């Protein structure tokens with residue numbers, strides 16, 4: 001089964017919105033400002049970390065079916081290379097035109113007609129911070145840019161992308177980046193880092209939990225269908241405690257709110273600390289923790 005599209009309800013930073021039109025506004029970008037160090041799992045935080053990891057897992061699994069109906073299908077194990085390659089091509093066209101400028105003191109806007117025959121409307125804005133070089137480093141903003149693409153069809157693009165490129169990899173940070181094909185809009189807020197061939201990629205994404213806090217998930221992959229069983233792996237960031245390695249197996253979603261009815265999720269943190277939560281029905285779970293010195297249950 002293909003990897004899960006990185007869409008966790010409408011709150012996740014990659015969200016598929018059926019029936020949207022090009023005038024729909026993109027959601028505000030979620031900024032993760034929490035801890036980015038490894039979490040030390042203890043008796044005081046094991047249950048909180050475990051239940052929040054379960055929340056991320058259940059929401060991810062609940063959106064797996066959306067992958068089949070998503071025309072852009074940006075997935076976890078590998079982003080849609082057609083989308084990424086199109087964006088890179090646009091940036092390189094912009095960059096080549098900017099070589100004529102010694103410096104950008106005020107920034108410029110390039111119209112679609114200047115970009116070439118495959119562009120059917122809109123423009124691209126470039127701030128004065130763009131660095132003219134063989135590598136892409138800087139930000140471009142696409143303003144209702146209409147593109148006739150052989151793979152994606154005719155699409156309208158809005159939002160900005162910040163590039164950081166070296167000789168071995170390229171990082172693209174999408175900010176309220178939306179692609180509309182006339183019937184469906186895909187909105188992306190995420191950071192993708194790929195090797196120069198766009199074959200090996202990793203994704204970092206932020207999303208809002210049920211408690212209103214912003215969490216982060218990276219390198220998420222999932223297999224399974226319908227109500228389960230699911231197998232999940234990810235790096236899960238809790239804003240108050242830091243990140244843990246998450247793995248889940250035998251996860252079934254037979255509850256009315258799509259929460260786990262069976263399965264086990266294990267998280268691993270710093271100093272050989274870990275915790276495990278096992279579901280034995282809807283709203284029923286048991287768990288254990290090990291801080292590397294002592295252990296217990298919750």
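The values are calculated or read from the model by the stated rules, or taken from the named source; none is laboratory data. The structure presented is a predicted model; accordingly, all values stated were derived computationally and were not measured. Neighbour counts run over all protein chains shown; Cβ positions are idealised from the backbone, glycine included.
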So in the range 95-118, with the set limited to residues that are outside any helix (DSSP H, G or I) and modelled with pLDDT of 80 or more, which one is surrounded by the fewest Cβ atoms within 10 Å (Cβ to Cβ)? 117
Name the residue that is surrounded by the fewest Cβ atoms within 10 Å (Cβ to Cβ), counting only residues in the range 137-153 that are in contact (Cβ under 8 Å) with a residue 24 or more places away in the chain and not in a strand (DSSP E or B). 151
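Report yes if residue 175 is in a strand (DSSP E or B), touching a residue at least 40 places away in the same chain (Cβ under 8 Å) and buried (at least 16 other Cβ atoms within 10 Å of the Cβ), otherwise no.
Details: in a strand (DSSP E or B): yes; touching a residue at least 40 places away in the same chain (Cβ under 8 Å): yes; buried (at least 16 other Cβ atoms within 10 Å of the Cβ): yes.
Judged against the criteria, residue 175 is a match.
At pLDDT below 95 and either within 20 Å of the chain's Cα centre (by Cα) or more than 15 Å from residue 243 (Cα to Cα) (or both): does that describe residue 44? Lay out the reasoning, then the answer.
Numbers: at pLDDT below 95: no; either within 20 Å of the chain's Cα centre (by Cα) or more than 15 Å from residue 243 (Cα to Cα) (or both): yes.
No: the conditions fail for residue 44.
Matching residues to (1) loosely packed, with under 15 Cβ neighbours inside 10 Å; (2) modelled with pLDDT of 95 or more:
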residue	(1), (2)
200	yes, no
203	no, no
214	no, no
218	no, no
230	no, no
264	no, yes
279	no, yes
287	no, yes
296	yes, yes
Between a first residue in the range 120-136 that is within 21 Å of residue 166 (Cα to Cα) and a second residue that is modelled with pLDDT of 80 or more and in a loop (DSSP other than H, G, I, E, B), which pairs have beta carbons less than 8 Å apart while being 6 or more apart in sequence or on different chains? 135/166; 135/167
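Considering only strands (runs of 3 or more DSSP E) fully contained in the range 183-298, which possess at least 2 residues that are more than 14 Å from residue 51 (Cα to Cα) and either more than 22 Å from the chain's Cα centre (by Cα) or touching a residue at least 24 places away in the same chain (Cβ under 8 Å) (or both)? Don't jump to the end; show me each part of the working.
Numbers: elements: 184-195, 201-208, 214-223, 230-238, 242-252, 262-268, 274-280, 285-290, 295-297.
Ranges flagged: 184-195, 201-208, 214-223, 230-238, 242-252, 295-297.
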